[in-house]
Amino acid sequence: MENVLEAKNVNVFYGDFQALKNINMKFKKNAVTALIGPSGCGKSTYLRLFNRMNDYIDSFNMQGDIMVENKNIYNKEIVVEELRKKIGMVFQKPNPFPKSIFENVAYGLKIQGVTNKAVLKNAVRKALQQAALWDEVKLDLDKSALALSGGQQQRLCIARTLAVEPSIILMDEPTSALDPIATAKVEELIRELKQKYTIIIVTHNMQQASRISDYTAFFYMGEMIEYNKTDTIFTNPQHERTQNYITGRFG
Amino acid sequence: MNNSQINRLKDKTFNYFGIFCTLIGLVILAFFIGSIFYDGLRRIDWDFLTSLPSRKAEKAGILTAWVGSIWIVIFTFIIVVPLGISAGIYLEEYAKKSRLSSLIEVNISNLAGVPSIIYGLLSLEIFVRLFGMGNSILAGSCTLALLVLPIVIVATREALKAVPHSIRAASYALGASKWQTVWEQVLPASFGGILTGVILAISRAVGETAPLIVIGALLYVPFTPSSPMDEFTVLPIQIFNWISRPQHEFTTNAAAAIILLLLITFIMNGVAVYFRNKWQKKINW
Amino acid sequence: MKKEKIIEGLLKFSALVTILTTVGILYVLLSESIAFFREVSIWEFITDKEWTPLFVKKHFGIMPLVAGTLLTTFIAISVALPIGITIAIYLSEYAHKRFKKIVKPLLEILAAVPTVVYGFFALTVVTPFLQSIIPSISGFNALSAGIVMGIMIIPYVSSLSEDALSAVPKELRNGSYAMGSTRLQTAFKVMVPAASSGIIVSVILAFSRAIGETMIVAIAAGQQPRLTMNPLVPIETITAYIVQVSLGDVQHNSIEYRTIFAAGITLFIFTFILNNIGFYIRKKYREQYE
């Protein structure tokens, strides 16, 4: 399988604090890669590097290269808005816009200048179907997204991301605010989405990582300790720290 | 009576004193409004609303005054809304922490404390004379727009602040630019708060008298304005004019005009409070 | 991304309009005042005890106007301070939440009523009422204007003071209750001292508001500059003088015209100093609780 994303010698600082230390990593296409580790280990910061969401933090400073399709996305000529259309993101807490369900999903296309109603309708339906939400909301597309349940909101946020047709989807603990049933639905969705998309997911939940991911990387104190096939990491970790973490001795 | 009984008694007494103080201002105001209605209500009729001012009290009307007020409100609105909201957006969404942005912030709180009559002096020299606007509706609107600008800016900033950061993050993550995020997501989500601020600002502008007198708004205008470059009068100035006259009939006219002015003020404030409550209820992200 | 830059530029310009306004105010007040002080010495301006620029025999002593301004302001503050602070304490320590929710916006109405209406109130209701008690009081006087102004600024004192009281950590209040204090003792011995800087700020800002108030004093206090602390006779405030000149027919660039800018800059200096003391204290006490 080919690599779609690569981090080369990445160091990240917040002011004087070093959040990530010399990370080198390649991500496989159409696979789910889980980033695990105790809180504060830098895994969320790392995830946000790939769509440059850290740019808004004043003290943020990065060295190294993040390569997407063999281009460094931190190059000056990269238009960050274009990058984010290719690399979508789903956040920890569902964050639908305070607008209708339709408007939420159509937003990404509208800001690209798509105005044709038929095109938008089609795209919205397709995205909601992909996110396994269509049957639940198809009669209520004009209702406020805030009226949906938490699990539905999160799937809406996934649909919203899919509508822009990215190739990579970043997920930052997407189920941490959901109940077990909603979590199961989102996990099922992630498994289906990997047919078409490359998914990188940060998770606190080790069972979740083992259930849905193909590859797992373990982070500790800003370092990437171990990166391997998920089966290997969970059955035969090479490092003691990884072993301790996944068996629940700390974290 | 022992010590703690005395303390309890004091406590209770203060309770009643507190209620008394809370209500006294309102009661006085209510009494006053009542007496104005008693004086002025019978004076309000169709003729009063549609007549030009006159030296005879019983013939005088407030047509020029309320038409002038409407002109002034419209142009003040046109000037202050884009200016105030833009400034609020800049300070809240764009400005990085710098000396300039903190200077602007301190400056805005200072402007909010400058007496309104000083704005009159500013406009008299700048708009009326330097820019050659004369004592026109446009000059008056510019004056009031600057006067209420801090209200709109502060309200805009508060409303923008209330929009959770996650909304902005979601928009950026979908590839939206900064302006698209502000225009498509943040502004609509803060609409209620901004609207409240704008209504309060306009309500303040409707009642302002002193700065308009300073720039030369007229006490006696025998025609209704037909363009923003025309001379004008407004309701509060007409009221002031009638109050200044010794004859009792004019006092009745003043009372009648005050009823209208108060109605406008109260309705605007009521609507603003309504929007504020409704908007606060709506956001439970 | 050029569009983005243009938009940001426009937004920034809007924010800078506020700076331009301040620069404009300073420029206008200073340039006209400097022209004024070329003809009248600053010494005369602050020491002469008469203000008669519109008479044939001209005197340019600002003192009578300042005295009139301070007199009406002090009367207003002595009305608004006790009432406003009592309201603040009552609302934060005694009142039911529901009562508070209804009363607060109602109190704001006091500050929302146009000042010309208050002027009418002072002239046609309060002055006749005062005349029935004190027959010697003039038709125009500082007392009536001051009292009405006091009613108007009640919400300035009460709402800022109440904010200050509610910013005091709950633990302090509970601590006092736990020691068996009544609400009154808690209010005055614990809450008010803890919120004192905020309460002081509210009074300073109300003071500044009263000094700059124009229409009430222009209508009800008279147009006779007089160096007196007698609240029963007509006086003139700085603001009322500016209105008086604006209503008359004064030639541009004449010394009479410039007096309103000299008066204006005096007013501006007073309010500017008061406001900034207020901001400074507020900033300090905000830091205390952070």
**Study point:** Within a Gaussian network of chain B (alpha carbon springs, distance under 10 Å), most fluctuating of B:196, B:13, B:224
**Key:** B:13
Point to revise | Partner chain coverage, peptide B:9-15 - average Cβ within 10 angstrom | key: 5
Check your understanding: Could you put B:229, A:67 in order, starting from the residue whose Cβ has the fewest other Cβ atoms within 10 Å?
Key -> B:229, A:67
Check your understanding: Where does chain B land at 222 nm, in deg cm²/dmol rounded to the nearest 500, when only DSSP H runs of n ≥ 4 count, each adding -39500 (n - 2.57), divided by all residues?
Key -> -22500 deg cm²/dmol
**Study point:** Distance histogram in 5 Å bins (all Cα pairs of the range B:207-282, percent per bin)
**Key:** 3, 14, 17, 18, 16, 12, 8, 6, 4, 1, 0
Study note, to complete from the structure: Going residue by residue through the range C:56-71, the Karplus relation 6.51 cos²θ - 1.76 cosθ + 1.60 with θ = phi - 60° gives ³J(HN,Hα) values, rounded to whole Hz and with x marking Gly or Pro, of 5, 8, 8, 10, 10, x, 6, 3, x, 5, 4, 4, x, 4, 5, 4
Review point. Longest exposed-loop-site-free stretch of chain C, with trypsin sites (Lys or Arg not before Pro), DSSP loop and at most 13 other Cβ within 10 Å?
Key: C:58-290
Practice item. Per DSSP H run of n ≥ 4, the term is -39500 (n - 2.57); total these for chain A, divide by its residue number, and report the mean residue ellipticity at 222 nm rounded to 500 deg cm²/dmol. Key: -10000 deg cm²/dmol
Review point. What nm value, rounded to one decimal, do you get for the distance between residue A:55 and residue B:109 when each label is placed 7 Å out toward the C-beta?
Key: 3.4 nm
Practice item. State which stretch of chain B is the longest one without any exposed trypsin sites (Lys or Arg not before Pro), exposure meaning a DSSP loop state and at most 11 other Cβ atoms within 10 Å. Key: B:98-285
Practice item. Determine the gain in length on full extension of the stretch residue A:11-residue A:149; use 0.36 nm per residue of separation and subtract their C-alpha separation, reporting nm with one decimal. Key: 45.8 nm
Review point. Going through the range C:53-82, which chymotrypsin sites (Phe, Trp or Tyr not before Pro) have at most 11 other Cβ atoms within 10 Å and a DSSP loop state?
Key: C:55
Practice item. Enter the Cα centre distance for the pair the range B:19-87 and the range C:206-240, rounded to the nearest angstrom. Key: 24 Å
Practice item. Within the range A:191-239, list the trypsin sites (Lys or Arg not before Pro) lying in a DSSP loop whose Cβ has at most 16 other Cβ atoms in a 10 Å radius. Key: A:196
**Study point:** CD proxy at 222 nm, helix term only [per DSSP H run n ≥ 4: -39500 (n - 2.57); per residue of chain C; nearest 500]
**Key:** -23500 deg cm²/dmol
Check your understanding: Quick one: if the Förster radius is 56 Å, what FRET efficiency do residue A:77 and residue C:170 give, using the C-beta to C-beta distance and rounding to 0.05?
Key -> 0.55
Check your understanding: How high is the FRET efficiency between residue B:51 and residue B:229 when r is their beta carbon distance and R₀ equals 22 Å, given to the nearest 0.05?
Key -> 0.35
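What are the GluC sites (Glu not before Pro) within the range A:76-136 that DSSP puts in a loop, where the Cβ has at most 11 other Cβ atoms within 10 Å?
Passing sites in the range A:76-136 are A:77.
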Revision key, fill the gap. The extension gain from residue B:78 to residue B:278, computed as 0.36 nm times the residue separation minus the Cα-Cα distance, is 69.5 nm
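Other chains' Cβ within 10 Å of C:250-260 residues: what's the mean?
So the per-residue partner count for this stretch is 1.
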Review point. Within the range A:167-209, what residues put their amide N at less than 18 Å from the label point 7 Å along the Cα-to-Cβ vector of residue A:112?
Key: A:167-170, A:196-198
**Study point:** Computed FRET value (nearest 0.05) for residue A:65 with residue B:183, which takes r as the C-beta separation and R₀ as 35 Å
**Key:** 0.55
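Read-outs: derived from the displayed coordinates by stated rules, not from any lab. Keep in mind the model is a prediction, meaning the values are calculated, not measured. Every residue, glycine as well, gets a Cβ built from its backbone with ideal geometry; the counts of neighbours run over all protein chains shown.
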